[in-house]
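A quick write-up on the structure given underneath.
The values are calculated or read from the model by the stated rules, or taken from the named source; none is laboratory data. These numbers were taken from a predicted model, which means no experiment stands behind them. For neighbour counting, all protein chains shown are included, and Cβ atoms are generated from backbone atoms with ideal geometry for every residue, glycine included. These area figures cover heavy atoms from the full protein model, side chains too; ligands, DNA and RNA do not enter into them. Shrake-Rupley method; radii C 1.70, N 1.55, O 1.52, S 1.80 Å.
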Amino acid sequence: MTIVIRSNEVRRRNRGLVLSAVRRGGLVSRTDIGRQTGLSAATVSAITSDLIADGFLIQPSQVLSSGLGRGRPKVALTVNPTAALIGVVIFQLNLVSAAIVDYSGATISESSRQLTSAELTPQDIRDALVGCLKDAIVRSGHESRMLLRIAVSVQGVTDVAGSVLLWSPITEHRNLPLAGWMQRAFSVPASVSNDCDLIARALNRREPKRYSTSFACIMLSYGVGMGLFLRGTIVNGLNTSGTEFGHMVFEPGGALCRCGRRGCIEAYAGDYAIRRAARGEPEDTMPPAPADHIDFQQIADLAHAGDARAIHAIEEAGRAIGTGLCSLFALVDAFPIALIGRGTMVFDIMEGALRKALKGTVGGGHACAIDIDCFADERPLVAEGCAMTALLVLDEEIADASVV
């Protein structure tokens, strides 16, 4: 019995390795798969033949050159786009959007709904999420029964199981069972993830060399969030999605944060906090509601024009972020950083203060060498991470099918 279990586990692992290699490569040969996975040619041939027979891989007409100038060309393999459909739903401030994505990761159709998230009841939220995805299905030309999985992105804290939105800055309602709503409406498995976690997953898949085993994505928008990758996996809390970087303490008893406490990193680095400081308002000025428009471009323009208060506010934001990273790096060592969102439009002003703060880390002499990239628009990364989350779970299920 033990031998059978071990054999099944090896079969599952090898099948998963092959699927992962093809998904990452997009268009690869069996030789490429063997080189990437370390599997023998016979094993790769057997697994790919099974996956082709099952309809998950296809052999396009394209062939790949062997690069040797002689011999038979290598036959290309890729994932079969028609093997599965997934639903992607994004719930963010005043907007719900949805997309239908095929098994290759290509978007087939999209739908969106503008709304005022702060005014929605739980039933309104459910209806918006479900209705938006139904609209996307209709636009795709496919039937809802072809949907195999749904992934939902949210701004806020989820339970670690990926089922419930526990808290969000964009709605007063708590403990919303988003995954359950979607599962009941479409009769397929669904999961809910924090948007910063999904951005980290997207960068890991998009640029695996630069964003490989350990890095952090920091969202600089109304709030300040973090998606953290350590040793190749997302870091979450024991019971929640966790990694509330924005609510780590920067100045004890300092500026008022929207969470109600004082001195958080976000109380200095969130766009409402930068605006408050740039206007010279007292630190205990109540943060505006998320629905209130903040023209961050105006603040950026003032700073770039030399306005002293705007520059100081942005530099203080950089110091807050750098100090928070100091605490993090003291625990786990330094790693690359990706800054995401509209706050990146003032990174040129923020960077000096941020890197100066980083010099306070253990090994801080390398602060200037820490890679920091900026991505002004988070939406494509959130959508990509959401789709990839669902597709990778499908890949695992397909790999598991080998042991049935």
Counting only residues 5 or more apart in sequence or on a different chain, those whose built amide H sits under 5 Å from that of Arg149 are Gly87
Choose one answer from Ile340, Ile150, Ile294: the residue with the largest mean-square fluctuation in a GNM of the chain with alpha-carbon springs under 10 Å.
-> Ile294
Relative contact order of the range 137-275, defined on C-alpha pairs under 8 angstrom at six or more residues apart (%) | 18 percent
Which one of Gly38, Gly263, Gly246 has the biggest mean-square fluctuation once the chain is modelled by GNM with Cα springs under 10 Å?
-> Gly38
Given a Förster distance of 35 angstrom, what is the FRET efficiency for Glu172 paired with Glu9, based on the Cβ-Cβ distance and rounded to 0.05?
-> 0.15
What percent does the relative contact order of the chain come to when contacts are Cα pairs within less than 8 Å and at least six residues apart?
-> 14 percent
Taking 7 Å along the Cα-to-C-beta vector as the label spot, tell me the Glu207-Thr121 distance in nanometres, rounded to one decimal.
-> 4.6 nm
What distance in nm separates the simple spin-label points at Val332 and Asp295, each placed 7 Å from Cα in the Cβ direction?
-> 3.9 nm
Any idea of the accessible area per residue across the range 304-395, 1.4 Å probe, to the nearest Å²?
-> 43 Å²
Can you give the net charge of the other residues whose Cβ lies under 12 Å from the Cβ of Leu39, counting K and R as +1 and D and E as -1?
-> +4
Cα Rg, Dmax (largest Cα-Cα span) when computed across the range 285-336, Å = 14.9, 39
Carbon and sulfur atoms: what percent of the 1.4 Å accessible area of the chain do they account for?
-> 52 percent
Take the Cα pairs of the chain, get the Kirkwood Rh, then feed it into Stokes-Einstein at 37 °C and 0.692 mPa s and tell me D in µm²/s.
-> 143 µm²/s
Computed helical MRE - 222 nm, the chain, DSSP H runs ≥ 4 contributing -39500 (n - 2.57), nearest 500 | -13000 deg cm²/dmol
R0 of 25 Å, Cβ-Cβ distance Arg309-Asn94: FRET efficiency to nearest 0.05 = 0.30
Apply the membrane-span-like helix rule to the chain: whole DSSP H runs, Cα extent along the own long axis of at least 15 Å, mean Kyte-Doolittle hydropathy at least 1.0. List the helices found.
-> 41-53
Remind me, relative contact order of the range 274-316 in percent, using alpha carbon pairs under 8 angstrom and six or more residues apart?
-> 54 percent
Identify all aspartates and glutamates with a Cα-Cα distance to Lys74 below 16 Å; exclude those on the same chain that are fewer than 8 residues away in sequence.
-> Asp32
